[in-house]
Each structure stands twice: as structure tokens, then as C-alpha cells.
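The values are calculated or read from the model by the stated rules, or taken from the named source; none is laboratory data. What you see is a predicted model; the values in this text were computed from it and never measured. FYI the Cβ positions are ideal-geometry reconstructions off the backbone, even for glycines, and counts take in every protein chain you see.
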Amino acid sequence: MVLGMDAILRYRGRVITAPDVAAIQGLLAAHPTASRRALSEHLCRLWDWRQPNGALCAMVCRGLMLALHRAGHITLPPVRWVNPNPLARRGAARRPPVPVPVEATPVCAPLAALRPLTIREVRGTPAEALVNSLVAQYHPLGYTHPVGEQLKYLVTAQGRPVACLLWASAPRHLGPRDHFIGWAAEARGRQLRSLAYNTRFLILPWVHVPHLASHLLGQMARLVPADWQRRYGHPVVFLETFVDPTHARGTCYRAANWHVLGQTTGRGKNAPSKRPTRSRKLILGYPLRPDFRAILGATG
């Protein structure tokens, strides 16, 4: 990465210059008793650094200040408080969801017999625990806490759960997807938040309803953009997911007109070598708007 002569570092797309560092040093001097959290909020207000929904970018700002501290450009006050929540600690053991019992009587019917389906976004509601539990118990990959921005959906029919869908921030580097969009690295860095990644899709194992999965994917194309805008203050224009071809073909995604974009490298995001360390996955994508390439800043 090449920075300008005045630049100190680049952090999450923001170039930090020598005058920026001087301003932060002045802020530290002006608030000698403030905590790291309070300092990050002061800096966000000084720079008017906000999320699309108007909230301060305080967490990102704390990461920036910590990077400058570790590089020796500033000196932060000692850490005053460590979050006791294990989900907030990287590398800490994560508690599995508590199993929630549900009725498992087989559901074998045509899709029309289940309607109307109720699809609820349940993040931050009591029903979120049920979604986490069902995914942990019945999805082949189990449950892992989603990263970044996220949505969770519970689908019920006649009061009974029949499906769950989890969405999260998209992976940063994905060659076939970036090629399909026509992305350069700079545009990807700016617009990655406009993609949503379907991390889990579960039809409960006792539910046998033809066309239910592709029908739900069609509903997601309508609900996810609206719910993402409502919760995070910015739109998404492209959906994506992975499918392990050794276990499935992604038939419901194909039936819902998703595109097969290619395959992953099998290396994972932290692999130290260029050799595959896991099975290669199919990458599928679904543009939500015909002008998605223009919105995402495609160059080709």
C-alpha cells in the first residue's frame, strides 16, 4: 500500500495524516482524565465521523486510536474496563445457544396449504434465542455468532417455526464475486457494506414442503434491503452465499435465479499459505437492482 508523503497510515479506508495525529494529540492533552471510549467519541464529534444512520463511528475510531498508540504516534490512557461478555472477546470461548424445544411433528403439505407464512426479523427480540437454538441444533454447520451488520429471520406457519435465515456482512476478499461485479480494490473497500451474506439457511428437518426454500429466498430479496436500511441506515444491492458442493448443489438458490459466480480457493481468510485447507465452496450471488454495478462503483 502506497501512502502520500503526509500520510501516517490508512485505517478502514481513512487516510491519517500528520496534522490528524497532531489533532489527536491535542485532544488527549485537553482531556487528560478521559477514558479511551470517551476520547473516541470526542474525536468522532471533532471529525464528524458518523455512520449512515447518524451514530458515531466510536468503535472504529477506538481501533484507529489503538493502531496509532501501538505504532508510537500517540499515548492512550490505560484500559479501565474489560467487557465481561465473552462474545466481545476475540478468541474467547463462545457459549452455545441454549436448546429451545419445539414441536417436531412432520409438516408435509403443498406450499399453498402453509400460507400465510409469517417472516419476522427477530434480532434483539426474545425470538432471537429461538433462531439461534434452532440453527445450533439442526443446521449442518451449527451456529456461529455473525460478524458485523446482521439480520436474523424466523419463518412460522400456523404458529410453528418452519425455517430460519441469517444474514451478515459480506466477506472482504472474494475473487469470483469481485470479477462478476467488476470491482477494483478501492471501490470494494467503499462499497462492501452494500452486500449481505446469507450465512445460514435452515428448513427444519421435519418440514417437507416443495418450493418452500426458493419461495423464501424470493421473499428475502424484498425484505433484506428494507430491513437493512431500517436498522443500519444504508441499502444493500447484492446478496451472496456459499454452498458446499460435496453436500448440496444450491438447487433452491438456482431456482430463485441466483447466479453461480465461481468457487472459493479453499484457503480461508487467515490461511498462511496458498494451499487449500478446506473444501472449496460454490459462490452464488443475486443482484437486487439492475444498476447494481453502477451503485457499487464497478470499473468494467
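The table below gives the values:
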quantity: Selection within segment 121-135 - surrounded by 15 or more Cβ atoms within 10 Å (Cβ to Cβ) and not acidic (Asp, Glu); calculated: Val122, Arg123, Ala127, Leu130, Val131, Asn132, Ser133, Leu134, Val135
quantity: Every residue from segment 189-220 that is over 30 Å from Pro101 (Cα atoms) and outside any strand (DSSP E or B); calculated: Gly189, Arg190, Gln191, Leu192, Arg193, Ser194
quantity: Near pairs, Cβ below 6 angstrom, 6+ apart or cross-chain, from segment 26-39 (of a type outside the set (Lys, Arg)) to any residue that is in a loop (DSSP other than H, G, I, E, B) and surrounded by fewer than 17 Cβ atoms within 10 Å (Cβ to Cβ); calculated: Ser35/Arg80
quantity: Residue match in segment 262-273 (condition: within 15 Å of Lys152 (Cα to Cα) and either touching a strand residue (DSSP E or B) at 6+ places or on another chain (Cβ under 7 Å) or not assigned by TED's automatic domain parsing to the domain that holds His173 (or both)); calculated: no
quantity: Unique match (being at pLDDT 90 or above, surrounded by 15 or more Cβ atoms within 10 Å (Cβ to Cβ) and not hydroxyl-bearing (Ser, Thr, Tyr)) among Leu39, Leu9, Leu56; calculated: Leu39
quantity: Scope segment 231-262; condition part of a helix (DSSP H, G or I) and buried (at least 18 other Cβ atoms within 10 Å of the Cβ); matching residues; calculated: Tyr232, Cys252, Tyr253
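Let's see how each residue does on (1) crowded, with 20+ Cβ neighbours inside 10 Å; (2) outside the structural domain of Pro290 (by TED's automatic domain parsing); (3) without any contact (Cβ under 8 Å) to a residue 60 or more places away in the chain:
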| site | (1), (2), (3) |
| --- | --- |
| Arg177 | yes, no, no |
| Ala185 | no, no, yes |
| Arg190 | no, no, no |
| Arg200 | yes, no, no |
| His208 | no, no, no |
| Leu216 | yes, no, no |
| Val224 | yes, no, no |
| Gln229 | no, no, yes |
